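Participant: One structure, pasted below without further comment.
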Amino acid sequence: MLKEFTKGIIKENPVFVLALGLCPALGVTSKVVNALGMGAGVIFVLLGSNIFVSLLKNFIPEKVRIPAYIVIIASFVTIVEMVMEAFIPSLYESLGVFVPLIVVNCVILGRAEAFANKNTIGASILDAFGMGIGFTLALIVIAFVREVLGAGTVSLVPIGSWDGVITIPGLSTSPARVFSLAAGALLVMGYLQALLKWSNMRKTEVKK
Amino acid sequence: MTYIGIIITFVFINNFILTQFLGLCPFIGVSKNVESAVGMGFAVTFVMSIAALATWAIQNFILIPMNIEFLQTITFILMIAALVQFVEMFIQKSSPALYKALGIYLPLITTNCAVLGIALISVRSNYNAIESFVAGIAAGLGFLLAIVLMSTIREKLDSEWVPAPLRGTPIAFITGGLMALAFMAFDKALLNNLIG
């Protein structure tokens, strides 16, 4: 049972290994706080859609299952949109068009199709948490690298009087700005994937 | 004049793949050879231009008059899914040759964020019907340009030696990053210089 939860985090990490949900993984990761917000939104939608798909799996006719899943997902995305706009408008602004685009995040439709419509509700919940956390962790890693190199800061959630931004001396005065732009995002993604692949290859070599 | 501005903006300055990160999945997944990249590019352009126009109509004739703009996400994605299905059926009946060329890419387009992206961006920029349509075509052409350039580079890369950990998607991302660097030369100043 626990396997369903842990597999999404490293072994089947949706971003680095399955290469799903790439658009938000690069589009919102110029700041760590955006990655956290996006991750929270995706975990919520994934949880909701996995629960409903696994509950309704015997009622949805085979032929119209994809549109049915899309309606379920879009409803949860609308909830996220409204809640985010009402309570954290600054985050809603900076995520911009990527909030409604959670609907076409292939991770969510992928899990509904590949997992939730074949498994029980308990397993689906664990799967949603595992995949959601794996997705969020991947986003945080990408955002961390990009923000540290590109702006010399790490912005987290503001708590009380602290504005939530850690400034790294030296880097923040002369950052490599390109990392916070589009080109840097693609480069960081490529090198992170290569790094992960390299470490996996080393592990299998050691086993031999 | 504004139409030229929209075209230059969406093809070069705000190129959907290389600056906005919309439509990355097919950009990485379907760019292994030029032929399929061209097919995917035209299919996306076609769907995007119609989708931008159709979602404009929904927004202005249904959602705003009935005051239900919060249903935007659901209606737009269903509209796009239905549209893709309809286009697929229409092409299958009217031109089997075109269907053979584009057919396998069409189902993938529903979950292509570029299509929903252009619909949302046109609505948020308050474009009128023709501007939405032009923006859809231009964004599609930008997608076509990027994916075709990428596929020609990847075909060349196939015959070169690449370090093992970088083979496959990592090198594709890095190539994309270098292309995005080149596209940084296109910015707002270019547009101002061209059309004042």
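The values are calculated or read from the model by the stated rules, or taken from the named source; none is laboratory data. Everything numeric here is computed off the predicted structure, so don't read it as measured data. Here Cβ is always computed from backbone atoms with ideal geometry, including for glycine, and neighbour counts include all displayed protein chains.
Participant: Residue by residue through region B:139-196, note down the ones that are of a type in the set (G, A, S), in a loop (DSSP other than H, G, I, E, B) and over 20 Å from A:L181 (Cα atoms).
Facilitator: Residues satisfying the conditions are B:S159, B:G168, B:G196.
Participant: Going by the conditions given, is A:G122 away from chain B (no Cβ under 12 Å), closer than 22 Å to B:V115 by Cα and either of a type in the set (G, A, S) or in a helix (DSSP H, G or I) (or both)?
Facilitator: When the stated conditions are applied, A:G122 does not pass them.
Participant: Examine region A:91-101 for a residue that is within 22 Å of A:K3 (Cα to Cα), away from every other protein chain (no Cβ under 12 Å), out of contact with any Ser or Thr (no Cβ under 6 Å at 6 or more places or on another chain) and surrounded by fewer than 20 Cβ atoms within 10 Å (Cβ to Cβ), and state whether such a residue exists.
Facilitator: No: region A:91-101 contains no residue that is within 22 Å of A:K3 (Cα to Cα), away from every other protein chain (no Cβ under 12 Å), out of contact with any Ser or Thr (no Cβ under 6 Å at 6 or more places or on another chain) and surrounded by fewer than 20 Cβ atoms within 10 Å (Cβ to Cβ).
Participant: Considering every residue within region B:86-109, establish whether at least one is farther than 27 Å from B:L149 by Cβ and of a type in the set (F, W, Y).
Facilitator: Yes: one or more hits.
Participant: Which of the residues that make up region A:64-78 are within 8 Å of another protein chain (Cβ to nearest Cβ) and touching a residue at least 40 places away in the same chain (Cβ under 8 Å)?
Facilitator: A:I66
Participant: From (1) within 13 Å of A:E147 (Cβ to Cβ); (2) within 12 Å of another protein chain (Cβ to nearest Cβ); (3) loosely packed, with under 15 Cβ neighbours inside 10 Å, pick out the condition that doesn't hold for A:G164.
Facilitator: Going through (1) within 13 Å of A:E147 (Cβ to Cβ); (2) within 12 Å of another protein chain (Cβ to nearest Cβ); (3) loosely packed, with under 15 Cβ neighbours inside 10 Å one by one, A:G164 breaks only (2).
Participant: Restricting to region A:53-105, name every residue that is of a type in the set (D, E, K, R) and under 20 Å from the mean Cα position of the chain (by Cα).
Facilitator: A:E81, A:E85, A:E93
Participant: Right, another one. Of all residues in region B:168-196, how many are in contact with a Phe, Trp or Tyr (Cβ under 8 Å, 6 or more places away or on another chain) and of a type in the set (V, I, T)?
Facilitator: Residues that pass the stated criteria total 1.
Participant: Out of the residues in region B:134-174 meeting the condition of being of a type in the set (S, T, N, Q) and surrounded by fewer than 20 Cβ atoms within 10 Å (Cβ to Cβ), tell me which one is nearest to the other protein chains (Cβ to nearest Cβ). It would help to see each step written out before you state the result.
Facilitator: Within region B:134-174, the first condition is being of a type in the set (S, T, N, Q), and the residues that meet it are B:151-152, B:159, B:169.
Checking which are surrounded by fewer than 20 Cβ atoms within 10 Å (Cβ to Cβ) leaves us with B:152, B:159, B:169.
Details: B:T152: 17, B:S159: 20, B:T169: 6 Å.
Filtering first and then ranking leaves B:T169.
Participant: Just the residues that are under 25 Å from B:N15 (Cβ atoms) and out of contact with any strand residue (DSSP E or B) (no Cβ under 7 Å at 6 or more places or on another chain), please, taken from region A:24-46.
Facilitator: Result: A:P24, A:A25, A:L26, A:G27, A:V28, A:T29, A:S30, A:N34, A:A35, A:M38.
Participant: For region A:1-63, which fully contained helices (runs of 4 or more DSSP H) count at least 1 residues that are away from every other protein chain (no Cβ under 12 Å) and closer than 14 Å to A:T136 by Cα? If you could, list the steps in order and put the result at the bottom.
Facilitator: Numbers: elements: A:2-6, A:22-27, A:32-55.
Those helices (runs of 4 or more DSSP H) span A:2-6, A:32-55.
Participant: For region B:25-102, which helices (runs of 4 or more DSSP H) that fit wholly inside it have 1 or more residues that are within 13 Å of chain A (Cβ to nearest Cβ)?
Facilitator: B:34-58, B:72-94
Participant: Scan region B:105-125 and tell me whether some residue there is in a helix (DSSP H, G or I), at pLDDT below 90 and over 23 Å from A:V103 (Cα atoms).
Facilitator: Checked against the condition, which is being in a helix (DSSP H, G or I), at pLDDT below 90 and over 23 Å from A:V103 (Cα atoms), region B:105-125 yields no hits at all.
Participant: To continue, here is another question. Just to be sure before I move on: is A:E81 within 11 Å of chain B (Cβ to nearest Cβ), acidic (D, E) and either surrounded by 23 or more Cβ atoms within 10 Å (Cβ to Cβ) or in a helix (DSSP H, G or I) (or both) in the structure I sent?
Facilitator: yes
Participant: Considering (1) in contact with a Cys (Cβ under 9 Å, 6 or more places away or on another chain); (2) surrounded by 24 or more Cβ atoms within 10 Å (Cβ to Cβ), say which one A:L46 fails and leave the rest.
Facilitator: (1)
Participant: Right, something else. How about region A:167-186: which of its residues are within 14 Å of another protein chain (Cβ to nearest Cβ) and either within 24 Å of A:L156 (Cβ to Cβ) or among the small types (G, A, S) (or both)?
Facilitator: Across region A:167-186, the qualifying residues are A:A176, A:R177, A:V178, A:F179, A:S180, A:L181, A:A182, A:A183, A:G184, A:A185.
Participant: Okay, moving on. Of all the residues that make up region B:10-24, how many are in a helix (DSSP H, G or I) and at pLDDT below 85?
Facilitator: Within region B:10-24, residues that are in a helix (DSSP H, G or I) and at pLDDT below 85 number 1.
Participant: List the number of the failed condition for A:I142; all other conditions in (1) more than 14 Å from chain B (Cβ to nearest Cβ); (2) assigned to a helix (DSSP H, G or I) hold.
Facilitator: (1)
Participant: Still on this model: Being at pLDDT 90 or above and crowded, with 23+ Cβ neighbours inside 10 Å, is that true of even one residue in region A:1-17?
Facilitator: No: region A:1-17 contains no residue that is at pLDDT 90 or above and crowded, with 23+ Cβ neighbours inside 10 Å.
Participant: Are any of the residues in region B:54-62 buried (at least 22 other Cβ atoms within 10 Å of the Cβ) and either touching a strand residue (DSSP E or B) at 6+ places or on another chain (Cβ under 6 Å) or not aliphatic (A, V, I, L, M) (or both)?
Facilitator: Scanning region B:54-62 turns up at least one residue that is buried (at least 22 other Cβ atoms within 10 Å of the Cβ) and either touching a strand residue (DSSP E or B) at 6+ places or on another chain (Cβ under 6 Å) or not aliphatic (A, V, I, L, M) (or both).
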